[in-house]
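S.K.: First the structure, then my questions, so here it is.
The values are calculated or read from the model by the stated rules, or taken from the named source; none is laboratory data. These figures come from a predicted structure and were not determined experimentally. With ideal geometry, Cβ positions are generated from the backbone for all residues, glycine too; neighbour counts draw on all protein chains shown.
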Amino acid sequence: MLALPADLRMEDAIVRTMNRREMLVLGGSAALATATHAVAQDDVLRFALTPVFLSSDLDLLDHLKAYLSKATGQTVQLISRRTYQEITALLVSGQVDSAWLCGFPFVEHKAQLSLVAVPVWRGKPLYQSYLICSADRGAAAIGDLVGDIHAFSDPDSNSGYLVTAAELARQKTTPDKFFRRTFFTYSHLNVVRAVAAGLAQSGSVDGYVYEVLNETSPELTAGTRIVRASDWFGFPPIAVPRAAATSAKTTALQRALLSMHEDEGGRAVLAMLRLDRFAEEEPTLFASIEKNWDLVRAIT
């Protein structure tokens with residue numbers, strides 16, 4: 001039996017006592033109260049990572065930091081937080097220079113953010129959301145999961161929450177009504193762990209993360225199976241505050257990302273991430289996420 005962190009047992013209390021907008025406002029207010037907004041004036045590139053990134057691999061983080069430092073000519077500081085909300089608050093307030101976000105918070109705050117680059121995975125800047133269940137279960141569609149204890153990754157995750165919520169909204173219902181109980185693990189990895197360990201009967205997870213785990217930890221994914229793969233959505237992007245969109249620091253970061261596949265050290269990072277390269281894309285790549293967000297807001 002796989003054990004999950006103790007804080008998984010507290011997720012309902014946390015999520016139900018503070019919604020994401022309250023958290024973002026509080027986080028942003030605190031940040032604005034303490035930030036000097038001099039981030040862009042120094043030579044430190046503060047790059048934030050959400051849990052969609054496979055941040056448990058310290059070797060990967062070391063290689064990413066080394067590549068970005070060399071390619072941008074700046075000292076790089078990698079910053080991680082437990083939730084997407086915290087990372088988004090840091091980015092919007094200017095306390096970090098850039099962040100690897102999910103597409104959902106990017107469209108929520110598109111007026112304040114600028115797109116820098118999007119990863120290309122298996123030939124496309126796209127990925128899917130997977131509904132998963134235990135390996136020995138015969139579920140074939142979301143309707144087979146009614147009444148489940150269901151694991152989501154994060155309330156601001158497209159693949160780990162919004163896609164499933166939108167699918168249910170089309171059926172004129174919500175996760176709270178459809179499932180017997182839901183909780184947030186604050187990690188796609190922990191969604192898979194929860195389902196494999198029987199702590200959840202089903203889960204919503206990032207398809208890219210699931211496929212990487214299928215390669216690196218097949219003993220974990222073996223305890224689960226894919227119920228359905230969603231439509232394709234824009235891959236989690238790298239973004240910067242809109243005010244810094246044309247800054248020298250942003251230009252250097254974008255150049256480093258877009259040329260990563262041309263550099264030996266960069267290719268090593270991409271190989272660890274199972275990515276092809278980074279590409280320059282238009283914000284319209286995330287239009288389908290925004291449509292799902294509108295759909296969920298209309299029913300909740």
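S.K.: Which is farther than 26 Å from ALA66 by Cα and either at pLDDT 95 or above or surrounded by 20 or more Cβ atoms within 10 Å (Cβ to Cβ) (or both), of PHE278, PHE233?
M.R.: None of the other options fit; the residue is PHE233.
S.K.: Right, something else. Return the only residue of PHE233, PHE183 being touching a Gly at 6+ places or on another chain (Cβ under 7 Å) and among the aromatic types (Phe, Trp, Tyr).
M.R.: Residue meeting the stated conditions: PHE233.
S.K.: Would you confirm, using the coordinates I've provided, whether ARG297 is in a helix (DSSP H, G or I) and within 25 Å of THR88 (Cα to Cα)?
M.R.: Criteria met by ARG297.
S.K.: Only one of GLU11, GLU86 is surrounded by 14 or more Cβ atoms within 10 Å (Cβ to Cβ), acidic (Asp, Glu), at pLDDT 75 or above and more than 24 Å from GLU262 (Cα to Cα). Can you tell me which?
M.R.: GLU86
S.K.: Another question, if that's okay. Is it the case, given these coordinates, that ARG193 is outside the structural domain of LEU101 (by TED's automatic domain parsing), among the charged types (D, E, K, R), surrounded by fewer than 24 Cβ atoms within 10 Å (Cβ to Cβ) and in contact (Cβ under 8 Å) with a residue 12 or more places away in the chain?
M.R.: No.
S.K.: Let me ask something else about it. Hey, among the residues in the stretch 37-48 that are surrounded by 19 or more Cβ atoms within 10 Å (Cβ to Cβ) and modelled with pLDDT of 60 or more, which one's nearest to LEU101 (Cα to Cα)?
M.R.: ALA48
S.K.: Here is a list of conditions, (1) in the same structural domain as GLU108 (by TED's automatic domain parsing); (2) buried (at least 19 other Cβ atoms within 10 Å of the Cβ); (3) within 18 Å of the chain's Cα centre (by Cα), and ILE289 meets all of them except one; can you say which number that is?
M.R.: The failed condition is (1).
S.K.: Can I ask one more? So which residues in the stretch 203-223 are outside any helix (DSSP H, G or I) and farther than 22 Å from PHE179 by Cα?
M.R.: Correct list: SER217, ALA222.
S.K.: On to the next question. Can you spot a residue in the stretch 178-187 that is over 15 Å from the mean Cα position of the chain (by Cα), in a helix (DSSP H, G or I), over 15 Å from THR224 (Cα atoms) and not assigned by TED's automatic domain parsing to the domain that holds VAL269? Write out each step before concluding.
M.R.: Taking the stretch 178-187 and keeping what is over 15 Å from the mean Cα position of the chain (by Cα), we get 178-183.
Still in the list and also in a helix (DSSP H, G or I): 178.
Then drop every residue that is not over 15 Å from THR224 (Cα atoms), which leaves 178.
Still in the list and also not assigned by TED's automatic domain parsing to the domain that holds VAL269: 178.
For the stretch 178-187, residues over 15 Å from the mean Cα position of the chain (by Cα), in a helix (DSSP H, G or I), over 15 Å from THR224 (Cα atoms) and not assigned by TED's automatic domain parsing to the domain that holds VAL269: present.
S.K.: Select the strands (runs of 3 or more DSSP E) contained entirely in the stretch 49-146, then report the ones holding at least 3 residues which are touching a Pro at 6+ places or on another chain (Cβ under 6 Å) and outside the structural domain of SER159 (by TED's automatic domain parsing).
M.R.: Here the list is empty.
S.K.: Another one. Given the residues THR251, THR284, which is the only one that is hydroxyl-bearing (Ser, Thr, Tyr) and under 23 Å from GLN77 (Cα atoms)?
M.R.: Going through THR251, THR284 in turn, just one is hydroxyl-bearing (Ser, Thr, Tyr) and under 23 Å from GLN77 (Cα atoms): THR251.
S.K.: Which residues, counting only those in the stretch 130-165, are buried (at least 19 other Cβ atoms within 10 Å of the Cβ), more than 12 Å from the chain's Cα centre (by Cα) and among the hydroxyl-bearing types (Ser, Thr, Tyr)?
M.R.: Of everything in the stretch 130-165, those that are buried (at least 19 other Cβ atoms within 10 Å of the Cβ), more than 12 Å from the chain's Cα centre (by Cα) and among the hydroxyl-bearing types (Ser, Thr, Tyr) turn out to be TYR130, THR164.
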